Amino acid sequence: MGAWGEALAVKHLLANGYLIRARNWRHGHGELDIIAERGQTIVFVEVRTRRSDAYGAPQETISPHKRATLIATAQAYLEQHDLQDAQWQIDVIAIELDWRNALSRLDHLECAIEGSPFQG
């Protein structure tokens, strides 16, 4: 389900003018689902896919620990690619699928993770 959600997220990003730089980038204990670029901004995208919102919306499943890991991993990516001075943000794409795994809802929440310095 996660890979399917990420594929839907990539399709959404491409359709909205984003360039995909990397997928499933790992560093230490962290992973960035999608690394994209739009204009001069590096956009790290956390994808959350669920079949229902019975236990809350997909974006509500991101714990404080996960938020901290996303920020640290994003900073590691920037450092490793000599992009420390780049504008960047962490977005969340929340996806809900129906029982057949067809897209029911996709919400792209820009600058969704506190600690993303660019609010552009």
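The values are calculated or read from the model by the stated rules, or taken from the named source; none is laboratory data. Quantities reported herein were computed from a predicted structural model and do not represent experimental measurements. Positions of Cβ are generated from backbone atoms using ideal geometry, with glycine treated the same way; all protein chains shown enter the neighbour counts.
Listed by first and then second residue, the pairs with beta-carbon distance under 6 Å, at least 6 apart or on different chains, first residue in the stretch 59-77 and over 20 Å from Gly2 (Cα atoms), second part of a helix (DSSP H, G or I), form an empty list. Of the residues making up the stretch 30-40, those that are surrounded by 14 or more Cβ atoms within 10 Å (Cβ to Cβ) and either of a type in the set (A, V, I, L, M) or on the phi > 0 side of the Ramachandran plot (or both) are Leu32, Ile34, Ile35, Ala36.
Of the residues making up the stretch 13-29, those that are surrounded by fewer than 18 Cβ atoms within 10 Å (Cβ to Cβ) and either outside any strand (DSSP E or B) or not charged (D, E, K, R) (or both) are Leu14, Ala15, Asn16, Gly17, Leu19, Ile20, Ala22, Asn24, His27, Gly28, His29. Within the stretch 74-94, if we keep just the residues that are more than 30 Å from Ser104 (Cα to Cα) and among the polar types (S, T, N, Q), the residue that is modelled with the lowest pLDDT turns out to be Gln84. When Val43, Val47 are checked against the criterion of being under 14 Å from Leu8 (Cβ atoms), modelled with pLDDT of 95 or more and crowded, with 18+ Cβ neighbours inside 10 Å, Val47 stands alone in meeting it.
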